[in-house]
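Enquirer: What follows is a single structure, and I will ask about it in a moment.
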Amino acid sequence: MELNPADELYMRRCLELAHRGAGFTRTNPLVGCVVVKNNKIISEGWHAFFGGPHAEVMALQALPDGEVAGATVYINLEPCCHHGKTPPCTDLLLRKKPAAVVVAHMDPDPRVAGKGLTLLREAGIQVRCGVLEAEARQMNRFYFVNKIQKRPAITLKWATSSDGFMAMEEGRPVRITTPREDVLIHWLRSLHDAILVGYRTALNDDPQLTVRHIKRPSPLRLVWDPENALPSHLRIFNDQAPLLVLNRHRNSDRGIKRWKRCSSLQEGIRELLVEEDISSILVEGGRNTLEYFLSCNLWDKTYVFNSLNALSRGVASPVVPRNLRVQQFQIHKSVLEVYENSQTD
């Protein structure tokens with residue numbers, strides 16, 4: 001659609017507000033809301049945390065009903081029209097009666113999927129849909145994968161030397177990124193609901209799989225240990241963050257450490273969305289685990305940190321399929337490549 005400059009300006013503000021909830025909304029989407037009257041923003045809101053008030057409620061509840069009359073409400077996602085953890089946002093909009101509602105895109109949730117916009121139109125509220133749709137969909141990529149593909153969104157991450165190796169021989173770990181890149185890596189961890197490694201990485205690297213360097217909560221730690229063979233002295237078994245061990249043999253609980261039986265890693269991953277409210281997983285495993293996801297085409301984004309340093313020998317890094325969208329960024333002494341899997345759009 002042809003963009004109205006004012007619509008674009010206020011929708012960009014919605015996206016900025018929505019980003020404030022990144023890493024805290026779990027299976028809920030990132031949503032911002034801006035209320036404009038007489039070419040002036042009179043209220044703003046965003047969905048700050050899972051189970052908390054939606055962006056529309058945060059922006060509208062403090063305004064008297066009469067003050068919203070004649071205003072335009074900007075929201076980057078179609079307002080909900082069903083009862084969940086909170087009442088439907090369409091009910092609030094219908095009561096406040098703005099002159100217009102502008103959204104970036106419809107909600108892919110089948111309980112909504114255009115119904116919210118229809119209710120607004122039937123009440124005489126002008127509706128415009130499609131403003132900055134591509135940017136808004138990209139921001140809520142996790143949510144779209146959850147609703148359309150019925151699984152958690154999968155992000156792969158690894159670091160590679162300039163000559164294409166990710167570890168020393170026999171899988172021995174080696175330092176490839178610098179502490180500056182580590183800050184970005186831990187920020188990336190904090191945006192996901194869970195971090196996954198396989199048996200070999202858990203054993204050889206003994207990772208903590210927690211968020212450090214920045215002040216954000218650590219996600220769930222996930223380990224694929226099919227035979228339950230990992231020794232209990234490893235750091236993933238400490239109490240710094242919850243742990244879920246996917247395996248082929250048992251279901252059990254020990255405080256914040258749990259074991260879940262599944263016939264395969266792929267089956268376990270798909271069940272996590274429904275059973276654990278896990279909407280996104282960052283895979284930080286070794287070559288075998290990463291190549292498993294690549295071979296199954298079970299991934300949505302890949303982050304590859306390319307170091308300037310060479311290793312000369314070792315475990316070869318995985319290879320991302322050709323002809324995919326890629327962006328490159330200079331991150332201190334590394335070049336970060338970000339790939340998007342168009343086949344899962």
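Enquirer: Quick one: in segment 93-115, of everything that is modelled with pLDDT under 85 and within 22 Å of L15 (Cβ to Cβ), which residue is surrounded by the fewest Cβ atoms within 10 Å (Cβ to Cβ)?
Expert: Applying the filter and picking the extreme gives G114.
Enquirer: When segment 135-190 is examined, which residues are found to be surrounded by fewer than 20 Cβ atoms within 10 Å (Cβ to Cβ), under 18 Å from the mean Cα position of the chain (by Cα) and part of a loop (DSSP other than H, G, I, E, B)?
Expert: K150, the sole residue that qualifies.
Enquirer: For K257, which of the numbered conditions (1) among the basic types (K, R); (2) within 21 Å of the chain's Cα centre (by Cα); (3) at pLDDT 90 or above fails to hold?
Expert: (2)
Enquirer: Here is a check on your reading of the model: is S317 more than 22 Å from G23 (Cα to Cα), free of Cβ contacts under 8 Å to residues at least 24 places away in the same chain and of a type in the set (S, T, Y)? Quick ask: steps written out before the conclusion?
Expert: Values: more than 22 Å from G23 (Cα to Cα): yes; free of Cβ contacts under 8 Å to residues at least 24 places away in the same chain: no; of a type in the set (S, T, Y): yes.
So S317 does not fit the description; no.
Enquirer: In segment 246-288, which residues are closer than 17 Å to P152 by Cα and among the aliphatic types (A, V, I, L, M)?
Expert: Matches in segment 246-288: L246, L265, I269, L272, L273, V274, I278, I281, L282, V283.
Enquirer: In segment 275-324, what residues are of a type in the set (D, E, K, R) and more than 21 Å from R151 (Cα to Cα)?
Expert: Quick first cut of segment 275-324, residues of a type in the set (D, E, K, R) only: 275-277, 284, 287, 291, 300-301, 313, 322.
Listed by number, the residues that qualify are R287, R313, R322.
Enquirer: If you don't mind, there's one more thing I want to ask. If I filter segment 242-269 down to residues being without any contact (Cβ under 8 Å) to a residue 24 or more places away in the chain and among the hydrophobic types (A, V, I, L, M, F, W, C), which single residue comes out as surrounded by the most Cβ atoms within 10 Å (Cβ to Cβ)?
Expert: So, considering only residues that are without any contact (Cβ under 8 Å) to a residue 24 or more places away in the chain and among the hydrophobic types (A, V, I, L, M, F, W, C), the one surrounded by the most Cβ atoms within 10 Å (Cβ to Cβ) is V245.
Enquirer: May I ask you to verify whether L272 is in a strand (DSSP E or B), touching a residue at least 40 places away in the same chain (Cβ under 8 Å) and within 21 Å of F293 (Cα to Cα)? Walk me through how you get there before you give the answer.
Expert: On the way: in a strand (DSSP E or B): no; touching a residue at least 40 places away in the same chain (Cβ under 8 Å): yes; within 21 Å of F293 (Cα to Cα): yes.
No; evaluated as a whole, the condition is false for this residue.
Enquirer: How many residues, within segment 303-345, are more than 17 Å from M168 (Cα to Cα) and either in contact with a strand residue (DSSP E or B) (Cβ under 8 Å, 6 or more places away or on another chain) or at pLDDT 85 or above (or both)? Steps first, please.
Expert: So in segment 303-345, the residues more than 17 Å from M168 (Cα to Cα) come out as 303-304, 319-345.
Imposing the further condition that a residue be either in contact with a strand residue (DSSP E or B) (Cβ under 8 Å, 6 or more places away or on another chain) or at pLDDT 85 or above (or both) reduces the set to 303-304, 319-320, 324-331, 333-342.
Residues that pass the stated criteria total 22.
Enquirer: OK, next. Yes or no: segment 161-170 includes at least one residue that is closer than 28 Å to L273 by Cβ and of a type in the set (F, W, Y).
Expert: Applying the first criterion (closer than 28 Å to L273 by Cβ) to segment 161-170 yields none.
No, every residue in segment 161-170 fails to be closer than 28 Å to L273 by Cβ and of a type in the set (F, W, Y).
Enquirer: Next question, about the same structure. Here is a list of conditions, (1) assigned to a loop (DSSP other than H, G, I, E, B); (2) touching a helix residue (DSSP H, G or I) at 6+ places or on another chain (Cβ under 8 Å), and Y292 meets all of them except one; can you say which number that is?
Expert: Of everything listed in (1) assigned to a loop (DSSP other than H, G, I, E, B); (2) touching a helix residue (DSSP H, G or I) at 6+ places or on another chain (Cβ under 8 Å), Y292 misses just condition (1).
The values are calculated or read from the model by the stated rules, or taken from the named source; none is laboratory data. In this text the structure is predicted, and so the values were computed from the model without any measurement. When we count neighbours, we look across all protein chains shown, and the Cβ atoms used for this are built from the backbone with ideal geometry, even at glycine.
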